[in-house]
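Since the structure comes first, as C-alpha cells, the remarks are kept for the end.
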Amino acid sequence: MKISRRGFLVSSGAALTVRAVPPLATRASGRRILTLVYDKGLGMMRAVERVVR
C-alpha cells in the first residue's frame, strides 16, 4: 500500500490533534513515551505513544 503525501499529512494532523487534546484518562500521573517504529504495511516510520505510570 502506498500512501500519498496528502494521506500522510492528514494522518499526521490527526495524530497531532489527538496529542494536543489529551483524554481525561491520561491526565493522571504518568509519563509519556514516544517511540518511532517501522510499519511494513505503510512502508514508513510511524510514532507510537504510550503512557507509563
Please work out which residue is modelled with the highest pLDDT, limiting yourself to the stretch 22-37 and to residues that are open to solvent by 80 Å² or more (accessible area, probe 1.4 Å), under 12 Å from Val52 (Cα atoms) and in a strand (DSSP E or B). Leu34
From Arg6, Arg19, Arg53, residue being basic (Lys, Arg), open to solvent by 60 Å² or more (accessible area, probe 1.4 Å) and at pLDDT below 75: Arg19
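The values are calculated or read from the model by the stated rules, or taken from the named source; none is laboratory data. Everything quoted here is computed from the prediction, not taken from an experiment. What goes into the accessible areas is simple: the full protein's heavy atoms, side chains included, and nothing from ligands, DNA or RNA. Shrake-Rupley method; radii C 1.70, N 1.55, O 1.52, S 1.80 Å.
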